[in-house]
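Structure first, then comments.
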Amino acid sequence: MAEISYEGQTTREINAALRRLVAQGETELVVRHPGARHNLGVATVQPVRLTFAGSVGYYCVGMSDGPTVEIHGSAGWGLAESLLSGVVMVHGNAGNGAAASMRGGTVVIYGDAAARAGVSMKGGTLLIGGNCGYMAGFMGQKGTLIVCGDTGEAFADSMYETVCFVGGRIAELGNDAILAELTAEDATFLATTLTRYLNAPLPDPASFTKVVAGRKLWNFDQREWAIWREAL
Amino acid sequence: MCGIVGFLDKTHNAHAAVGSVLCAMLRALGCRGPDSAGVALYGSGEAGDLVLQIKLGERGDFEARSQEIVARVQGLGTLRERSRTAAYLRLVLSDADDPRQVERLIEADDHHVEVVSMGRHLEIVKQVGSPQSLDATYGVSKWTGTHGLGHTRLSTESRIDLSHSQPFWAHGYPDLAIVHNGHITNYDTMRRRYAQRGVRLYTHNDSEIIGVYLAERLSRGSTLGEALQASLTDFDGSFSYLAATPQALGFAKDPFALKPLLVTETETFVAVATEEIAIRAACAGTYTVREAQAREVRVWQR
């Protein structure tokens, strides 16, 4: 296991050190004192274990492919943006736009997520242990968004085929978001995912509300002008 | 961009190291806006004196203007202290019964001069340049007090000079200060409305209107929390802003959560900042930080 300390180093130096160590064959890396700096571990494309022993800033491990990342603190804006594969776990809260545009893999936020979590998801799973803020799931195209707590307003607005599950209260559904019946398959998927990542006591999968796109915005219809005006 | 910070000591220490905390936070956010930096610091106000930080101009003969100002305030109170640092004249007046009259007389007929802050607790210094140079000029990191605000600016729509820098004192309303990150997009409409009522605006910086708005609400009897809440519907645009009075520190965040604001509260302090990096740089210890949600309003009382 290799350790890197933030103290006295620039972000570029930390990231260069990470790349060098990975190229040398290190598979377990720990960054001490990350100090909430931005852009840490961006574009990590090897299946390494990467641990941040503290909070990270914006865009942490964005555009990564395959790593297993643990953040022992909170994360700033754009956590794991465009993640292709791998697992990113935040043992704290996340800022705006967590897991935006993720294409695959799993992002777990054990605390709360701020606004626009999982916007434009294109695959993978975003699991939020706490609450999420305004406009989570906006324009989600594929993948799964699970919120164990409450959601903010405009939840799941203008989605394509992302599927959302909410354990708590939905403050307001977004445009074209509708409730759907929780199937046995959904409950099994939820039970498996929650068991894998969360600590007991686990929420009851049967208590989750399923939200999907109503598909009214998928094709333009003059008769639905009012909803289009709101959505645009 | 722009970076805003706020810190409140919860230990009832009237001489907490607020200045050094604010400076450390601003240094960490300096890259968000190198145009200007400033702090608003609340002291204990134990003596009950009126403290004024007066801008003597962007350039010119500062000493001559200082003497004119000192002559004008004679008779409005007892001048207990007088000092000049860079472009600022600092006066301490005791027995000043009518602060508004003091402000009017100081600024009378001289467009170079502006009362940057006035109050029994509040002092603001701000200038063009980095947080480091602000500290070097005014020794802000040695200032103590109960709470305070700070700002580092990336100018987008108005001039870069001392008056257009932040924090803004709400002119005419002692001890009320704000810092803002964002754009108030209905600024022109609001500015016109205030101008029609005879309110003087000192700059073309949209952030100035926030102080004017809050002062008006507080004058009508609103609490700071009520005023912040009302601003969510009266202001359009993107904003995270902080506001402080001698008794309280609060924030409001716009309905779309377009601007960041990170918050932490422990047993001993409250810290808020545009980025967590500022809080981690200035406040040691183990604590969690979260991002404020859309439409969130929060006020901490001292």
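The values are calculated or read from the model by the stated rules, or taken from the named source; none is laboratory data. What you see is a predicted model; the values in this text were computed from it and never measured. In this analysis, Cβ positions are derived from the backbone assuming ideal geometry, glycine residues included, and neighbour counts consider all displayed protein chains.
When residues in segment B:169-224 are screened for being in a loop (DSSP other than H, G, I, E, B), of a type in the set (Ser, Thr, Tyr), out of contact with any Ser or Thr (no Cβ under 8 Å at 6 or more places or on another chain) and over 17 Å from B:LYS253 (Cα atoms), 2 of them pass. Looking only at segment B:282-302, filter to residues that are facing chain A (nearest Cβ under 7 Å) and either buried (at least 18 other Cβ atoms within 10 Å of the Cβ) or touching a Lys or Arg at 6+ places or on another chain (Cβ under 7 Å) (or both); which one of those is nearest to A:GLU7 (Cα to Cα)? So, considering only residues that are facing chain A (nearest Cβ under 7 Å) and either buried (at least 18 other Cβ atoms within 10 Å of the Cβ) or touching a Lys or Arg at 6+ places or on another chain (Cβ under 7 Å) (or both), the one nearest to A:GLU7 (Cα to Cα) is B:VAL289. Per the conditions (1) touching a Phe, Trp or Tyr at 6+ places or on another chain (Cβ under 8 Å); (2) of a type in the set (A, V, I, L, M, F, W, C); (3) surrounded by fewer than 24 Cβ atoms within 10 Å (Cβ to Cβ), the sole criterion not satisfied by A:MET159 is (3).
Per the listing A:MET102, A:MET159, the residue uniquely touching a residue at least 12 places away in the same chain (Cβ under 8 Å), more than 11 Å from chain B (Cβ to nearest Cβ) and over 23 Å from A:ARG49 (Cα atoms) is A:MET159. Being without any contact (Cβ under 8 Å) to a residue 60 or more places away in the chain, within 19 Å of A:MET121 (Cα to Cα) and within 14 Å of chain B (Cβ to nearest Cβ) is a property that A:TYR58 has.
In segment A:174-222, of all residues being among the small types (Gly, Ala, Ser) and assigned to a helix (DSSP H, G or I), the one that is surrounded by the most Cβ atoms within 10 Å (Cβ to Cβ) corresponds to A:ALA187. Exactly one residue among B:LEU232, B:LEU228, B:LEU242, B:LEU262 is within 14 Å of chain A (Cβ to nearest Cβ), crowded, with 16+ Cβ neighbours inside 10 Å, out of contact with any helix residue (DSSP H, G or I) (no Cβ under 7 Å at 6 or more places or on another chain) and aliphatic (A, V, I, L, M), and that residue is B:LEU232.
Which residues, taken from segment A:1-45, are free of Cβ contacts under 8 Å to residues at least 12 places away in the same chain and outside any helix (DSSP H, G or I)? Selection gives A:GLY8, A:GLN9, A:THR10, A:GLN24, A:GLY25. Of the residues making up segment A:111-127, those that are away from chain B (no Cβ under 11 Å) and over 10 Å from the mean Cα position of the chain (by Cα) are A:SER120, A:LYS122, A:GLY123. Suppose we keep only residues that are of a type in the set (S, T, N, Q) and away from chain B (no Cβ under 12 Å) within segment A:27-55. Which one would you say is farthest from the chain's Cα centre (by Cα)? That would be A:THR27. With respect to (1) crowded, with 24+ Cβ neighbours inside 10 Å; (2) within 11 Å of chain B (Cβ to nearest Cβ); (3) in contact with a Cys (Cβ under 9 Å, 6 or more places away or on another chain), the lone exception for A:GLY130 is condition (1).
Screening A:ALA177, A:ALA200, A:ALA191, A:ALA184 for residues that are touching a Phe, Trp or Tyr at 6+ places or on another chain (Cβ under 8 Å) and of a type outside the set (D, E, K, R) leaves exactly one candidate, A:ALA177. The set of residues in segment B:39-60 being surrounded by fewer than 20 Cβ atoms within 10 Å (Cβ to Cβ) and at pLDDT 90 or above consists of B:ASP49, B:GLY57.
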